[in-house]
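Structure, as structure tokens:
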Amino acid sequence: MAEYLVRSGHKILAQVGQTQVQDSYRFFYKRLWTLDLPSKNKIMVWRSSRNYLPNYSNLHYRRIMGTATCRRCQEEAKTMEHLFRNCAVVKETWERLDMGWVVSEENTDFIEWLKSFLGTHFLGMCRKFVCALWGIWTFRNKFIHEGERCSGAQIAGFVTNYLKELDGLKESLPATRIQRARWVAPLENED
Ligand SMILES: [Zn+2]
């Protein structure tokens, strides 16, 4: 009987834990899709949260590669945490984006880091965060596939310009309206 109670207690706890995990994921996805960014940026971050990105940190890749060292800095194991937060180039990227504080949580699990960031910051900051993750991933691929080595300052510059361009696209709509209003004005003077 006692054993039964303990077991069912464990079961209930496990279920509660599972629900909490599901809830925090649900919030993360909802928040991610709310962000005013192109889908490709959000899909990349969504994939990273599902650990779908090939990152050499799983055993299969480790066996093939024979090493789990980051090719960019020759340090540490190549994990999601290293790729997006702890690698020297990436740290510099965050610093140049005035977001150096995001790397302070060196030991936080990658998924937890994503979820807690999106859960505790304003949408504008989340947008910058997600865009930066996408930029970091894009340049990491350029390095791996094309051998193009970029500094953290260059990656941060790319992310900043990318966001500026997106904002510029939004601003082009009211500008058209102003032009039309100006065109109407001479007609009124003719009366
Ligand atoms: Zn590295």
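The values are calculated or read from the model by the stated rules, or taken from the named source; none is laboratory data. Remember, it's a predicted structure, so these values are computed and weren't measured experimentally. Cβ atoms come from the backbone with ideal geometry, glycine included; neighbour counts cover every protein chain shown.
Worth a mention:
- In region 20-50, the residues that are outside any helix (DSSP H, G or I) and touching a residue at least 24 places away in the same chain (Cβ under 8 Å): Leu35, Asp36, Leu37, Pro38
- The condition (being at pLDDT 95 or above, more than 12 Å from the ligand (Cβ to nearest atom) and surrounded by 12 or more Cβ atoms within 10 Å (Cβ to Cβ)) is satisfied by just one residue among Asn58, Asn41, Asn51: Asn41.
- Criterion (of a type in the set (Gly, Ala, Ser), surrounded by 11 or more Cβ atoms within 10 Å (Cβ to Cβ), at pLDDT below 75 and over 21 Å from Val159 (Cα atoms)) met by exactly one of Ala2, Ala68: Ala68
- From the list Lys170, Lys164, the lone residue that is modelled with pLDDT of 90 or more and closer than 22 Å to Asn41 by Cα is Lys164.
- Count - residues of region 126-146 that are modelled with pLDDT of 95 or more and closer than 18 Å to Phe28 by Cβ: 9
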